[in-house]
Each structure stands twice: as C-alpha cells, then as structure tokens.
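Before any comments, here is the structure.
The values are calculated or read from the model by the stated rules, or taken from the named source; none is laboratory data. Note that the coordinates shown come from a computational prediction; the quantities given were computed from them, not determined experimentally. Note that each Cβ is placed from the backbone with ideal geometry, even for glycine, and that neighbours are counted across all protein chains shown. What goes into the accessible areas is simple: the full protein's heavy atoms, side chains included, and nothing from ligands, DNA or RNA. Shrake-Rupley method; radii C 1.70, N 1.55, O 1.52, S 1.80 Å.
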Amino acid sequence: MTAPVLTEVADGVGVLTLNRPEAKNAVDLATTQALAAAVDSLDARDDVAVLVLTGAGGTFCAGMDLKAFSRGERPRIEGRGFAGLTEAPPVKPLIAAVEGWALAGGCELALTADLVVAARDARFGLPEVKRGLFAAGGGVLRLAKALPYQRAMEMALTGDPLTAEEAHRFGLVNTLTEPGGALAGARELAARIAVNGPLGVRASKQLIAGSVGWTDRAALAAQQELADRVFGSADAQEGARAFAEKRPPVWRGE
C-alpha cells in the first residue's frame, strides 16, 4: 500500500508530500494520522529548520475526502484539527508549495502555513458552503486575516475560488512561480530561512503568529459549537452524497 504522506530531508529543509494523487490528495483519516506523525517527526529533528508541505500529481490538496466523510469518517485529530495540522502547526516555519487546486481543507492547509509559494495557475477555494458545510478547520478565521473583509466574505459565502495571482496581489501568496515550479520556489525560500539562527527564527514565527491571532484558542473554541451543528446536520450528509453521486444537492436547512 502506498504511503499517504511522503517525507524527504535535504539541506535543512523537510518536505512533506500528500501522496493520494488518484484522489487529488483529498484527506482521509489515514492521511490525517500520517501527516500529524510526519510533522511531529520533522519538527523534532535538529537537522530540519524549515518544513514544506506540497501535494503529488499536480494538485496541492482537494480538501476533506467527502466519500470517507459520507461513511462517517472525520479527518481530524482532537486538539490538532483538520489533517492533524490546522490547530497545531509546527514550531518551525511551514511553507505551502501549491500547484493546481488548494481546495476546501486544502486551502485551510495553505492558510495554516506561514508562507505560501504558488504556481501562477493555482487556485484557492473554500467551497464548503456548496456542500452544506463551512470551512471549520480554521479557514474562515484565517481568511478574514489574510484578505480584505469584503473579498474574504465573498470567497467564504459564494464558495467561488481565488486565483493565485489575485491571492499574491492581496499578500496571501508570497511568491508566484511558473506552473510546475512551486516546490522549487518553496525550497529556495526555505533555504533563505534555513541559514538563519534557529532560535531567532522560531521566536519570530511565534510572535508574529500570536500577534495576528491565528493561534487564538478562544476563536477556535467559539467556532466549535457552530461546527458541531453544521457538520452533524442532514444537509452536511446530503452535500457529501450529492458530491459522490454527481448531482445537485437538495437542501433542507436542517
């Protein structure tokens, strides 16, 4: 069986690759557990200064595996969030290298990262509302800090995607590359960080992340009541079934 997450370490940079290209790197519970373990392992290594997260097969991540969700599976770990990462990012800097789609939970993973390198033709989207859900893995909370209010609201309420070039213009993306070049661009950015003092780098990340409230436990706790109600609803199951059956959903508002 192919490992759902691959790891590689070179020159102080640890690369984690979501490895379910046949499912557009959608995250199921096995991937969640593997990613959490891989992040912890690389975060603890003295020879790793920076982490890079990417996806195999030309797609960053299509989000939660809705087929697994419709079977009752939840790809999250208590206290760590979606994919075992969104509520518990690594201590070391994390760079998202985005090719293709960063969709739903995949967009939330990109927003969890401290820095984003994206191919010019990449797309970011939070389409959860189209499936009767909302981006409860920190996506809505982080989006409001990463984009202007009206643009964040439009993206969250319509579920329509954001191009990498527009994301770069707003500052959500640090660096644009040509298609196929996101991982190389992320490695280059990581190398510029890895040569610096590790204590200073980690302290700087902690202070900046804390100052913008992206790790605000109170906000995540306040969100949980909404998440429990929405994700446990009949509409949430209908949205997942409609996706699997390739048909428009029929909402009941309950």
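Annotation for residue 192 and residue 47: the two label points, set 7 Å from Cα along the Cα-Cβ direction, are 2.6 nm apart.
Where nothing but the Cβ of Lys and Arg (+1) and of Asp and Glu (-1) is charged, how large is the charge dipole of the range 23-141 around its Cα centre, in debye to the nearest 20? My answer is approximately 460 debye.
Could you give the accessible area per residue of the range 1-66, probe 1.4 Å, as a whole number in Å²? List each step's numbers first, then the result.
Numbers: 2670 Å² over 66 residues.
The answer is 40 Å² per residue.
Extension gain, residue 71 to residue 1, is 23.1 nm, computed as 0.36 nm per intervening residue step minus the present C-alpha separation. Only lysines eight or more places from residue 246 in sequence, or on another chain, were considered; those with a Cα closer than 19 Å are 24, 67, 130.
Our estimate of slack between residue 204 and residue 120, defined as 0.36 nm per intervening residue step minus the Cα-Cα distance, is 27.4 nm. Largest mean-square fluctuation among 32, 112, 163, in a Gaussian network model of the chain whose springs join Cα atoms under 10 Å apart, belongs to 163. Of the residues 112, 75, 49, the one whose Cα sits farthest toward the positive end of the charge dipole of the range 1-142, with +1 on the Cβ of Lys and Arg and -1 on the Cβ of Asp and Glu, is 75. Build a GNM of the chain with springs between Cα atoms under 10 Å apart, and of 166, 78, 188 the one that fluctuates most is 78. Summarising the strand pairing of the chain, around 30 percent of its internal DSSP beta bridges are antiparallel.
Would you mind computing Rg(Cα) / (2.2 N^0.38 Å) for the chain, counting N as its residues?
In units of the globular-protein estimate, the chain measures up at 0.95.
If you take the C-alpha gyration tensor of the range 69-143, multiply each eigenvalue by 5 and take the square root, what semi-axes do you get, largest first, in whole Å?
20, 17, 10
Calculated mean residue ellipticity, 222 nm, the chain: -13000 deg cm²/dmol, from DSSP H runs (n ≥ 4) at -39500 (n - 2.57) each, averaged per residue and rounded to 500.
Lysines within cross-link reach of residue 205: Cα-Cα under 28 Å, excluding same-chain residues under 8 positions apart? Within the straight-line cut-off, residue 205 pairs with 92, 145.
Dipole size of the range 48-115 about its Cα centre, with +1 on Lys/Arg Cβ and -1 on Asp/Glu Cβ: approximately 160 debye, rounded to the nearest 20. Here the alpha carbons of the range 1-65 define both size measures, Rg and Dmax, at 11.7, 34 Å.
As a length-normalised measure over Cα pairs under 8 Å and 6 or more apart, the relative contact order of the range 72-224 settles at 24 percent. Sort all Cα-Cα distances of the range 1-137 into consecutive 5 angstrom bins from zero, then give the percent of pairs in each bin up to the one containing the longest distance. Bin by bin from 0 Å, the calculated values are 2, 11, 22, 26, 21, 12, 4, 1, 0.
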